[in-house]
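The values are calculated or read from the model by the stated rules, or taken from the named source; none is laboratory data. All of these numbers come straight from a predicted model, not from anything done at the bench. Methodologically, a virtual Cβ is constructed for each residue, glycine included, from the backbone with ideal geometry; neighbour enumeration extends over all protein chains shown.
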Amino acid sequence: MSVTTRLPRALHPVAWWLWAIALATAASRTSNPLLLLLIFAVLGLVVTARRTDAPWARGFRYYLFMALIVIAIRIVFRSIFASGITPEDHILFELPHLPTPDWYAGVQVGGPVSLEATLSAAVDGLRLACLLCCIGAANSLANPKRALRILPGALYELGVAVTVSLSVAPQLVESVQRVARARRLRAGRAKGFRALRSIAIPVLHDALDRSLRLAAAMDSRGYGRTGSATRGSRRLTGLLMLSGMAALCIGVYALLDPSVPRELGAVGFGAGLVLCAAGIALGGRRVSRSRYRPDPWRWPEWAVAGCGLVTALVLNLGTGYDPAALNPSLYPLQWPTLPILPVAAILVAALAAFASPPPPPRHRTGPALPAPRRAADQTTAGARP
């Protein structure tokens with residue numbers, strides 16, 4: 001390994017997104033709480049080791065708070081709308097039962113709450129929380145503004161909308177932290193709902209101010225200027241994209257439906273990819289833009305993306321271990337088993353913390369020097385006893 005490859009640099013944002021999406025795919029394939037907790041540990045390790053001090057990198061703990069809220073909401077809803085109680089269930093407590101009309105049959109409001117139903121709701125919430133934290137890890141590790149530059153020209157407007165939507169939460173987190181620091185410096189003692197007014201208004205003002213500065217910066221850099229495109233090329237681009245999307249839908253449906261030949265699904269899916277790629281390439285000609293210092297794709301990017309893909313493939317194929325271990329049953333109640341091969345695959349994803357280069361340090365400016373006092377102020381100050 002050469003010395004230059006381990007110099008601090010920002011990893012390609014697509015590599016982090018591929019790694020996070022692969023982990024989310026692996027988490028969606030299992031309901032084993034031990035494997036889900038192991039994925040949480042891998043996410044925390046990689047984010048702690050490779051996040052920068054940028055504003056969007058400080059929002060992962062808020063995703064963890066949201067994950068806890070998701071689990072709590074899932075348990076509460078399962079307890080209120082309890083149904084499917086069997087004689088083998090272990091009853092924890094019983095809520096007041098509310099009668100429902102005949103047309104609302106099948107849903108029970110209140111009643112006994114079993115341990116099996118509570119554990120099932122906790123596992124479902126844990127899986128949803130794991131998916132949420134995978135997206136939060138990608139937001140914390142990948143620079144959303146650098147990810148916007150690699151999109152093709154035809155998807156530039158869509159990429160702007162996606163990038164802005166993904167960066168809203170980190171920017172709000174930064175605004176809330178900045179307003180909280182200012183309140184502490186001003187000895188703000190209001191807490192709870194009383195402090196909501198003094199926090200919400202500055203946060204909204206800061207968000208609007210940032211939007212105006214961003215719009216001015218984009219306008220000064222010539223954003224939104226498009227090249228010349230004839231009416232025929234626009235119609236051809238639209239025809240290619242619509243045909244490609246229709247072929248993709250047909251191909252995916254044929255692949256998912258066992259009654260349809262898989263050859264038809266493969267042909268439709270491949271034709272859709274080709275048509276969409278042609279439409280994107282043709283539509284990108286109308287957007288002329290230059291790139292300054294493009295992000296390189298080197299062996300660390302391949303290693304990070306490969307670590308995540310290995311995890312997704314092992315948990316999706318289900319070979320080399322008992323597939324039932326990924327989704328253990330709650331009847332009878334027993335401690336879930338821990339399959340060795342999926343555990344090793346998830347630990348492979350943790351190697352991204354060591355395969356990726358260290359993040360570059362953020363340049364910070366020193367403390368501002370006090371401004372020189374005017375002569376009149378100095379004279380007045382000197383005249384005081």
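If only one of Phe65, Phe60 is within 26 Å of the chain's Cα centre (by Cα) and either surrounded by fewer than 11 Cβ atoms within 10 Å (Cβ to Cβ) or farther than 24 Å from Leu132 by Cα (or both), which one is it? First the steps, then the outcome.
Working: Phe60 fails: either surrounded by fewer than 11 Cβ atoms within 10 Å (Cβ to Cβ) or farther than 24 Å from Leu132 by Cα (or both).
Just a single option satisfies the conditions, and that option is Phe65.
Filter the range 272-297 down to the residues that are at pLDDT 65 or above and among the basic types (Lys, Arg), then identify the one that is farthest from the chain's Cα centre (by Cα).
Filtering first and then ranking leaves Arg285.
Can you tell me which residue is surrounded by the most Cβ atoms within 10 Å (Cβ to Cβ) among those in the range 131-190 that are at pLDDT 65 or above and not in a helix (DSSP H, G or I)?
Per the criteria, the residue is Ala142.
May I ask you to list the residues in the range 38-59 that are among the hydrophobic types (A, V, I, L, M, F, W, C) and either over 28 Å from Leu341 (Cα atoms) or outside the structural domain of Ala129 (by TED's automatic domain parsing) (or both)? If you could, list the steps in order and put the result at the bottom.
Of all residues in the range 38-59, those among the hydrophobic types (A, V, I, L, M, F, W, C) come to 38-43, 45-47, 49, 54, 56-57.
The answer is Ala54, Trp56, Ala57.
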